[in-house]
Amino acid sequence: RLGGDEFAVLVEAMYRPDEAIMIAERILSVFCQPFMIEGKEIFVGTSIGIAANSPQAVASEELLRNADLAMYLAKSQGKGKYIVFEAKMHEALMERIEMEDDLRRGIEEREFVIHYQPILDLQSNRMVGMEALVRWMHPRLGMLAPLRFIPLAEETNLIVPLGEWILAEACRQMQLWRDQHDELEVSVTVNISIRQFQQRELVDLVSRALSNSGLPARLLILEITESFMMQDTEATIEKLHELKKLGVRLAIDDFGTGYSSLSYLQRFPIDILKIDKSFIDKLGQGSEGNAVARAIIMMGDSLNLKTIAEGIEHPGQISELQLLGCEAGQGFHFAKPLTVGDMDEFLLNRRSNAEG
Ligand code: C2E
Ligand code: MG
Ligand code: MG
């Protein structure tokens, strides 16, 4: 026993190369059986990491460290698995540790910026909202897209301080634009990770971001993913209602890609469905191509939800969405996510277009 709930098995003589794997499989199958404790069946999950000594002979500490790393990887992929150590795993771990340090420092040093992508009404072609999309100005790696760091931020819980800043900053910037452009009635949409949602303080944070910025609650939309709906707990529903009580609206991002139960949709106080880009991509290919987008728009209609199409790249997609009755859309065809400076310009042009 190495400590806690960790045990090591030393296989001294290997008769065949996959002997360690066979042993691991045997151990896992034994642990599939429950233990009987005081008449109750107790199941214990097991994860196994395997490391082999190389012909160059690695030190015993290194061997254990390698097995340990493989074990953690096995664990992260769910219980009941084994993983064989490979040298690249160590590099990946080192990179991850470095990235985590960078992320922590980056949040302190305010290395993040927000870009804003216009959301347009598909009938009038007017901007009705914008989505706040974070980027990291990494001092060494340059500008990083969210997919490069949001998953790590979520795993490490650093999404909580980062998300708090994004929320406050997006509200502040939107209100600033409102001050500069009178009668600007455009909403700002902020993506919220499930980790942020699980925090007790989220409702307070949102309320504070609104009062500190002066942004009216009706102009803030929080975007959550479908995975929220899988936790169909009363607590989740109650929290969504608390957010709604502040006056903000709720949207479901990437709708159609996750697990959606229609009955959940009715139980959750949702206002907007964002149709995932993968379904918008298929538009313009006849009735089969638009089947999912059409179904989502019709469902939104009957449940009184607004629909926003994501990732519009071609004009043909707009006409089809108009026919289907989709209200709004965003995508590279209209504009990419814009820096604050570019959005300033976009807002000015929009005004001169309206006046001209
Ligand atoms: P999302 O919320 O679904 O955001 C839409 C993504 O699609 C954005 O990528 C946007 O740049 C991209 N996009 C928009 N129109 C088009 C188009 O016409 N074609 C193509 N190919 N792509 C388009 P981005 O900015 O890289 O963000 C990726 C994801 O990262 C977001 O997906 C969201 O899930 C996450 N994310 C971004 N910002 C935040 C944030 O502030 N907080 C959290 N928690 N997640 C964020
Ligand atoms: Mg989004
Ligand atoms: Mg999306």
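What nm distance separates the two modelled labels at ARG1 and LEU262, each placed 7 Å from Cα along Cα→Cβ?
Taking the two extended label points, one gets 5.4 nm.
When each pair of different Cα atoms in segment 1-153 is counted once in the 1/r mean, what is the Kirkwood radius in angstroms, to one decimal?
The answer is 19.8 Å.
List every residue whose amide H lies under 5 Å from the amide H of GLY49, counting only residues 5 or more places away in sequence or on a different chain, with H placed 1.01 Å from N in the peptide plane.
MET71, ILE83
Could you put MET99, MET299 in order, starting from the residue whose Cβ has the fewest other Cβ atoms within 10 Å? Intermediate values should be presented prior to the final figure.
On the way: MET99 19, MET299 16.
The order, fewest Cβ neighbours first, is MET299, MET99.
For segment 261-356, what's the radius of gyration and Dmax over Cα atoms, in angstrom?
Expressed in Å, the Cα Rg and Dmax of segment 261-356 come to 15.5, 48.
Calculate how many DSSP beta bridges within the chain are antiparallel, expressed in % of all such bridges and rounded to the nearest 5. Working shown, then result.
Numbers: 19 of 45 bridges.
For the chain, the DSSP antiparallel bridge percentage is about 40.
If you take the C-alpha gyration tensor of the chain, multiply each eigenvalue by 5 and take the square root, what semi-axes do you get, largest first, in whole Å? All intermediate terms of the calculation are to be shown ahead of the outcome.
Numbers: eigenvalues 431, 121, 91 Å².
With the √(5λ) rule applied to the chain, the semi-axes are 46, 25, 21 Å.
Can you work out the base-10 log of I(q)/I(0) for segment 1-69 at q = 0.14, 0.21, 0.23, 0.25 1/Å, using the Debye formula on its C-alpha atoms alone?
-0.54, -1.00, -1.13, -1.25
Please compute the Kirkwood hydrodynamic radius over segment 24-107, one decimal place, Å, based on all pairs of different Cα atoms.
Mean inverse Cα-Cα distance, inverted, gives 14.9 Å.
In Å³ and rounded to a whole number, note down the convex hull volume per residue for the Cα atoms of segment 201-303.
108 Å³
When the chain is modelled as a GNM with alpha-carbon springs shorter than 10 Å, which of ALA235, ALA293, ALA170 fluctuates the most?
In the Gaussian network model the winner is ALA235.
With the Cα gyration tensor of segment 150-205 in hand, give its eigenvalues times 5 under a square root as the equivalent ellipsoid semi-axes, listed largest first in whole angstrom.
Rounded to whole Å, the semi-axes are 27, 11, 9.
Report the Cα-based extents of segment 80-166 along its three principal axes, largest first, to the nearest Å.
If we take the Cα atoms of segment 80-166, the spans are 58, 34, 23 Å.
Highest GNM mean-square fluctuation, the chain, Cα pairs closer than 10 Å: which of GLN285, GLN77, GLN117?
The residue with the greatest mean-square fluctuation here is GLN77.
SER187's amide H: which non-local residues (gap 5+, or another chain) put their own amide H closer than 5 Å, with H modeled 1.01 Å from N in plane and none for Pro or chain starts?
Under 5 Å from the amide H of SER187: GLY129, MET130.
Along the charge dipole of the chain, pointing to its positive end and built from +1/-1 on Cβ of Lys, Arg, Asp and Glu, which listed residue (TRP136, GLY106, GLN198) has its Cα farthest out?
Comparing the listed Cα positions along the dipole, GLN198 ranks first.
Reported to two decimal places, what Rg/Rh ratio describes segment 174-224 when computed on Cα atoms with Rh from the Kirkwood expression? Intermediate values should be presented prior to the final figure.
On the way: Rg = 12.1 Å, Rh = 11.8 Å.
In segment 174-224, Rg relative to Rh is 1.02.
Give me the number: length gained by fully extending ASN53 to HIS181, i.e. 0.36 nm times residue separation minus the C-alpha to C-alpha distance, one decimal in nm.
Difference between extended and current length: 39.3 nm.
So for segment 84-125, considering every pair of alpha-carbon atoms, how many percent are separated by more than 11 Å?
Looking at segment 84-125, the distances longer than 11 Å represent 75 percent of pairs.
How high is the relative contact order of segment 272-356, given as a whole-number percent (alpha carbon pairs under 8 Å, six or more residues apart)? Mind dumping the intermediate values first?
Details: 92 pairs, mean separation 23.6, N = 85.
Once divided by the residue count of segment 272-356, the mean separation gives 28 percent.
Using only the Cα atoms of segment 124-230, what are the Rg and Dmax in Å?
14.7, 43
Rule-based calculations on the coordinates, nothing more; no lab input. This structure is a prediction, so every number in the text was calculated from the model and none was measured. Neighbour counts run over all protein chains shown; Cβ positions are idealised from the backbone, glycine included.
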